[in-house]
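The values are calculated or read from the model by the stated rules, or taken from the named source; none is laboratory data. Quick caveat: nothing in here was measured; it's all calculated off a predicted structure. In this analysis, Cβ positions are derived from the backbone assuming ideal geometry, glycine residues included, and neighbour counts consider all displayed protein chains. These accessible areas exclude ligands, DNA and RNA; they are computed on the full protein's heavy atoms, side chains included. Shrake-Rupley method; radii C 1.70, N 1.55, O 1.52, S 1.80 Å.
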Amino acid sequence: MTSTEYVRQQPTETEAPSPAPDPHKERAAVSRRGLLGAAGAGLAGLAAGAAGGFALGSAETTPSPQPAGTRTYPFYGEHQAGILTPVQDRLHFAAFDVITHSREELVQLLKDWTAAAARMTQGLGAGEVGPTSGPYAAPPDDTGEAIGLPAAGLTITFGFGPTLFRKQGKDRFGLADRQPDALHRLPHFPADKLDPQRSDGDLCVQACADDPQVAVHAVRNLARIAFGRASLRWSQLGFGRTSSTSTSQATSRNLMGFKDGTMNLKAEDPAAIDAHVWAPADADNKGRWLAGGSYLVVRRINMTVETWDRQPLSEQERVIGRTKAEGAPLSGGSEFSQPDFHLKGNDGEPLVATDVHVRLVHPSNNGGAKMLRRGYNFVDGSDGLGRLDAGLFFLAYVRDPRTQFIPIQMKLGLGDGLSEYVQHTGSALFAIPPGIAQGEHVGQALFS
């Protein structure tokens, strides 16, 4: 018997055949973890495979090795999971518009989302009853496509957009006086070609997992729970992480074939995380509820991969400023060597050109500003000319977007040689509340 299907076993000589099920009776409750147990997965305990994980099981028993994908991360804590968590391989990101005008209904939605997320991140169904239980004439409280699947390291991270506080100048839910000074719609940067259908939103959900179906299941159920109170505005699937947030992870590659996020912030450097990721309370007290949270910058960046693929290796490396094989700066060294922007070649020109991406974004050229990146590759089919709709779904957590992201992106829009091969088509900024305590809901301090 596998973890994803049921095989009816023939009764032994001492075992009486099971009676046929009665379709008129209520269906038996089955959770994802229960199904794994029934299927012989032996999940008496879950062994954590990374920082922030935890083990479940009896103290008298020694857990046996667990199959891949069974790790879980705590949902409750000082900070929301999915920020410092080692980046999983799959993403389903979604932005929602709040359609109710009731503050009480909005708060109840956040309570419902919190309860469902807490369950799903631990490998359970979205609801307490389960996808195969409850009144037979009513919809189940879980959609069921994750039946038999483990938690797969699922994290669910929630955020609030600027339009949740004000929309067209109107205070929608009595929150306008609590809108942080840094939480405003990102500006239109040079060369942006933004699609309004892939930008902004009142609420956001970032679901990351090592199984794509687990991530999709999470967003699908949160959208189902939101019915009548919030509607899905846009969403994005991602694969093949393009950043690492832990020293335990190797640097991954983007669709241009280059290592991405080599100098990314790491969870193992708490001083740098405190300096660049966690938001402080605003001096005027408007953003006190956000203290210990962060800001999430979202950019959908299309790559003209067909044009890129026709460039010689020399041009590709010149534009990036690093070698394609190892990711070392063109000024010499290895992947993690600091680039030398003053070193010149035999022609008298800098080995790392002045319009090169790595130079323009380097902290030494941006007042020391750094970002915690959690980006993903995406491929969303192709257009009518046979070109891939593909690129980088850029996600970055920052302490203050006004000093860490906006000036850097403005510089890139004006002078980055890479701009010839990329096009920014989506954009959003969200405030990410701090972690959630047991018995509370996400963003509770904002509504208190």
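Of the residues that sit in segment 367-417 and are among the hydroxyl-bearing types (Ser, Thr, Tyr) and buried (at least 21 other Cβ atoms within 10 Å of the Cβ), which one is farthest from Val297 (Cα to Cα)? Talk me through it step by step, then tell me what you get.
Residues of segment 367-417 that are among the hydroxyl-bearing types (Ser, Thr, Tyr), as a first pass: 376, 382, 397, 403.
From the residues that got through so far, the ones that are buried (at least 21 other Cβ atoms within 10 Å of the Cβ) too are 376, 397.
Numbers: Tyr376: 13, Tyr397: 6 Å.
Across segment 367-417, the extreme among qualifying residues is Tyr376.
Restricting the search to segment 340-370, which residues are of a type in the set (Gly, Ala, Ser) and in a helix (DSSP H, G or I)? Before the answer, list the steps.
Restricting attention to segment 340-370, the residues satisfying the condition of being of a type in the set (Gly, Ala, Ser) are 345, 348, 353, 364, 367-369.
Scanning segment 340-370 gives a single hit, Ser364.
Residues in segment 257-272: is at least one among the aliphatic types (A, V, I, L, M), open to solvent by less than 50 Å² (accessible area, probe 1.4 Å), over 20 Å from the mean Cα position of the chain (by Cα) and more than 26 Å from Gly153 (Cα to Cα)? Please lay out each step first, then the result.
Taking segment 257-272 as the starting set, the residues that turn out to be among the aliphatic types (A, V, I, L, M) are 263, 265, 267, 271-272.
Filter once more, so that each one left must be open to solvent by less than 50 Å² (accessible area, probe 1.4 Å): 265, 267, 272.
Still in the list and also over 20 Å from the mean Cα position of the chain (by Cα): 272.
Narrowing further to those that are more than 26 Å from Gly153 (Cα to Cα): none.
Checked segment 257-272: no residue is among the aliphatic types (A, V, I, L, M), open to solvent by less than 50 Å² (accessible area, probe 1.4 Å), over 20 Å from the mean Cα position of the chain (by Cα) and more than 26 Å from Gly153 (Cα to Cα).
Condition check: within 30 Å of Leu183 (Cα to Cα), free of Cβ contacts under 8 Å to residues at least 60 places away in the same chain and either assigned to a loop (DSSP other than H, G, I, E, B) or not charged (D, E, K, R) (or both). Does Gly332 satisfy that? Give the derivation first.
Working: within 30 Å of Leu183 (Cα to Cα): no; free of Cβ contacts under 8 Å to residues at least 60 places away in the same chain: yes; either assigned to a loop (DSSP other than H, G, I, E, B) or not charged (D, E, K, R) (or both): yes.
So Gly332 does not fit the description; no.
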**OP:** Looking only at segment 356-364, decide whether some residue is open to solvent by less than 50 Å² (accessible area, probe 1.4 Å) and over 25 Å from Thr307 (Cβ atoms).
**Re:** yes
Subject >> Sole exception among (1) free of Cβ contacts under 8 Å to residues at least 60 places away in the same chain; (2) open to solvent by less than 40 Å² (accessible area, probe 1.4 Å) for Ala431, by number >> reply: (1)
Subject >> Hits in segment 234-248 - residues which are touching a Gly at 6+ places or on another chain (Cβ under 7 Å) and under 9 Å from Arg374 (Cβ atoms) >> reply: Thr242, Ser243
Original post:
So which residues in segment 252-278 are part of a loop (DSSP other than H, G, I, E, B), aliphatic (A, V, I, L, M) and modelled with pLDDT of 95 or more, if there are any at all?
Top reply: Leu255, Met256, Leu265, Ala267, Val277
Original post:
What single numbered condition from (1) on the phi < 0 side of the Ramachandran plot; (2) in contact with a strand residue (DSSP E or B) (Cβ under 6 Å, 6 or more places away or on another chain) fails to hold for His188?
Top reply: (2)
